[in-house]
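Structure first, then comments.
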Amino acid sequence: MSKRILVTGGAGFLGSHLCERLLEAGNDVLCVDNYYTGSKHNIMGCLDNPRFELMRHDVTFPLYVEVDEIYNLACPASPIHYQHDPVQTTKTSVHGAINMLGLAKRVGAKVFQASTSEVYGDPTVHPQVESYRGNVNPLGPRACYDEGKRCAETLFFDYHRQHKLRIKVARIFNTYGPRMHPNDGRVVSNFIVQALKGEDITIYGDGMQTRSFCYVDDLLDGWLRLMDHTPDDFTGPVNIGNPVEMPIRHLAEKIIKLVNGKSKLVQARPLPTDDPLQRCPDITLARKMLKWEPKVALDEGLAKTIAYFDSLLKSNKAMSRVGR
Ligand code: NAD
Ligand code: UDP
Ligand code: UDP
């Protein structure tokens, strides 16, 4: 059955893919974004669809609309973007959550929160299970994001207990794919762009810190299963990510090989403050409750992402030639 669905942060990397998926399923989609890190280009493909509506709005301000479901994604996700204006980052997570929960309460909507593996901080339990309470530095440069997202989770569970709201909280681990921002400093986009340009690959620290990378299509399958195919009493939090873990250095080597490039790895700077040394999701709960696990192998997902950045770089080059 068709639903009216609000997607906050819908013009961002993950939000734009989500809007497409929800439209394909026959829903009405209201995309709300202030374009802080997102862009209209990301949702160009949706604009002709009469079921799609776009609204410029900052979620730190109240929003009065009538919807059946809310996916709350609004929040810059890359460290350089969320640390650029840290006060706004916390406001977006906390005031944004309050406003979306207030809206959900008024209209009786089911509400999804895009939480993050950063709630575990620099984890001392490995792989990370949902019951682990985390190791976050509340004073460091990542705290605006980590603590903002932790407080948002608190608000979701308090609205659930106090106001009986239907909530779904996903803890998302590093995700990659087409439409990542080429300049947002995240590791996958940085390494691919550097490898395609034949530039040095910038390793921070010794490159032995680990991450686990999930392809965007897999991630969205997990979100939709959580929202549409779990009972109301299953709130999460549930880890959604790919459990194949690797040191960043290995990711760099893999990308150089896939682009058939000659870039060298350089230790560009020390490990940033509070950068987690290891990260890998335990997805036992997602396997059980969502009947979900990732399917796209890293080589396959990286190949699609490389093709996206390759055409983006070529079109930018063509544009700058026209400009001259
Ligand atoms: P993104 O930066 O591409 O998208 C975030 C979107 O939110 C952008 O379109 C931005 O303009 C919008 N936004 C920011 N502040 C806003 C505000 N105050 N009001 C309205 N819109 C606002 O990032 P993404 O990778 O698509 O991440 C989407 C969500 O998923 C975020 O909440 C992020 O924390 C979460 N997440 C992502 C990852 C990942 O690996 N991509 C991992 C963990 C969690
Ligand atoms: N809110 C909103 N849209 C709505 C309803 C509420 O943006 O449709 C915002 C409003 O700013 C409010 C917040 O959500 O302050 C929390 O709402 P709630 O009803 O929980 O508390 P209130 O502050 O209204 O007592
Ligand atoms: N990183 C790196 N080189 C880069 C960008 C990132 O070595 O050019 C490292 C970063 O220090 C971190 C990991 O890659 O250890 C993942 O960084 P990202 O910003 O993508 O996401 P995070 O998981 O830290 O939020």
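Rule-based calculations on the coordinates, nothing more; no lab input. These figures come from a predicted structure and were not determined experimentally. Counting neighbours? That spans all protein chains shown, and the Cβs are built from the backbone with ideal geometry, glycine included.
Things worth noting here:
- Extreme residue, surrounded by the most Cβ atoms within 10 Å (Cβ to Cβ), among residues of the stretch 36-66 that are within 14 Å of T92 (Cβ to Cβ) and free of Cβ contacts under 8 Å to residues at least 40 places away in the same chain: G38
Residue-wise test of (1) surrounded by fewer than 19 Cβ atoms within 10 Å (Cβ to Cβ); (2) away from ligand 3 (no atom under 11 Å from the Cβ).
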{"site": "M180", "(1), (2)": "no, no"}
{"site": "R186", "(1), (2)": "no, no"}
{"site": "F191", "(1), (2)": "no, no"}
{"site": "A195", "(1), (2)": "no, yes"}
{"site": "T202", "(1), (2)": "yes, no"}
{"site": "C214", "(1), (2)": "no, yes"}
{"site": "L219", "(1), (2)": "no, yes"}
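- Checking each residue in the stretch 108-131 for being surrounded by 17 or more Cβ atoms within 10 Å (Cβ to Cβ) and either β-branched (V, I, T) or over 16 Å from L277 (Cα atoms) (or both) picks out A109, K110, V111, F112, Q113, A114, S115, T116, V119, E130.
- Test: D233 is away from ligand 3 (no atom under 14 Å from the Cβ), closer than 18 Å to E153 by Cβ and without any contact (Cβ under 8 Å) to a residue 24 or more places away in the chain: yes
- Scanning the stretch 1-24 for residues that are part of a loop (DSSP other than H, G, I, E, B), farther than 26 Å from F309 by Cβ and in contact (Cβ under 8 Å) with a residue 24 or more places away in the chain gives S2, K3.
- Those residues of the stretch 181-202 which are assigned to a helix (DSSP H, G or I) and out of contact with any Asp or Glu (no Cβ under 9 Å at 6 or more places or on another chain), in sequence order: V187, V188, S189, F191, A195, K197
- Under the condition of being of a type outside the set (A, V, I, L, M, F, W, C) and either away from ligand 1 (no atom under 13 Å from the Cβ) or closer than 20 Å to G102 by Cβ (or both), the residues counted in the stretch 21-55 number 13.
- Here L63 meets the list (1) within 23 Å of I172 (Cα to Cα); (2) within 16 Å of ligand 2 (Cβ to nearest atom); (3) of a type outside the set (V, I, T) almost entirely, failing just condition (1).
The rows are residues; the columns are (1) out of contact with any helix residue (DSSP H, G or I) (no Cβ under 8 Å at 6 or more places or on another chain); (2) over 17 Å from R186 (Cβ atoms).
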residue: V216; (1), (2): no, no
residue: D221; (1), (2): yes, yes
residue: L224; (1), (2): no, yes
residue: I248; (1), (2): no, no
residue: L271; (1), (2): yes, no
residue: D299; (1), (2): no, yes
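- Among residues of the stretch 95-111 that are under 13 Å from C75 (Cβ atoms), those with a beta-carbon under 7 Å from a residue that is part of a helix (DSSP H, G or I) at least six positions away or on a different chain give the pairs A97/A152; A97/L155; A97/F156.
- Of residues in the stretch 158-175 being closer than 10 Å to G236 by Cβ and over 10 Å from the mean Cα position of the chain (by Cα), the one farthest from ligand 3 (Cβ to nearest atom): I167
- Among residues of the stretch 148-166 that are part of a helix (DSSP H, G or I), those with a beta-carbon under 6 Å from a residue that is charged (D, E, K, R) at least six positions away or on a different chain give the pairs H163/K105.
- Test: G241 is surrounded by fewer than 22 Cβ atoms within 10 Å (Cβ to Cβ) and touching a residue at least 60 places away in the same chain (Cβ under 8 Å): no
- Condition check for S16: of a type in the set (S, T, Y), within 14 Å of the chain's Cα centre (by Cα) and closer than 21 Å to A152 by Cβ: no
- P79 being touching a residue at least 24 places away in the same chain (Cβ under 8 Å), surrounded by fewer than 15 Cβ atoms within 10 Å (Cβ to Cβ) and in contact with a Gly (Cβ under 9 Å, 6 or more places away or on another chain): no
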